[in-house]
Amino acid sequence: MATERDVHFMRLAIGQAEIGKSTPGGSEVGAVLVCNDKVACEGFNEGELHHDATAHAEIVVIRRAGNLLQRTDLSGHTLYCTLQPCGMCTMACLWAGISRIVFGAGRGDVHHIYFESRHNNTVDFIRDAFRDDLEIEGGVLKTECAALYAKPDDPVPTSDPAHSDTRSA
């Protein structure tokens, strides 16, 4: 169950998403990595900024934390993200040993362009990776987070390959 602390840190993630949205080359997914009630680092999607398809907000903060802490083990950390992590980001959280993932908007709250075509679910990845020690909490400030993204039935631009329809024909 979401706590006041979760709401506080999700608001910080929303702030990062807003910075990302207004940054050339950034985009509207924000993340905050927290340990012992302190922000370890924060960020937003930087894919176009760095010409790096892996520079999702979650990966950005995991990399920053690794550099700051000089280690790959992020046990004890909670990742707050405005959007349910995609498969790549979920696996990165698993590899980093993150203890808890808290997200705002989920797959059903936004347009399908934000997720990979197989529509694998974060919870499925965690279950299949045998990480029953990783806690996941979804829907924190869901409405505010979902407002950052295209709605399920919104028309989206198709000129960007990232916005191509990934559903099977």
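The values are calculated or read from the model by the stated rules, or taken from the named source; none is laboratory data. Remember, predicted model here, so these are calculated numbers, not experimental data. All Cβ positions, even for glycine, are placed from backbone atoms using ideal geometry, and neighbour counts span all protein chains on display. SASA here: full protein model, heavy atoms, side chains in, ligands and nucleic acids out. Shrake-Rupley method; radii C 1.70, N 1.55, O 1.52, S 1.80 Å.
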Original post:
Extension gain K38-N67, at 0.36 nm per residue separation less the Cα-Cα distance, in nm?
Top reply: 8.7 nm
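When you have a sec, figure out the Kirkwood radius of the range 1-95 from all distinct Cα pair distances and drop it here in Å to one decimal?
Values: mean 1/r = 0.0762 Å⁻¹.
By the Kirkwood definition, the hydrodynamic radius is 13.1 Å.
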Subject >> Fully extended contour minus Cα-Cα distance, from I19 to E137, at 0.36 nm per residue >> reply: 40.1 nm
Original post:
Under a straight-distance cross-link criterion of Cα-Cα below 25 Å, which lysines are reachable from K151, leaving out those fewer than 8 residues away in the same chain?
Top reply: K21, K142
Original post:
Between A53 and E144, what is the spin-label point distance in nm, taking each point 7 Å from the Cα along the Cα→C-beta axis?
Top reply: 3.4
Original post:
How much accessible area does D132 have with a 1.4 Å probe, in Å² rounded to the nearest 10?
Top reply: 150
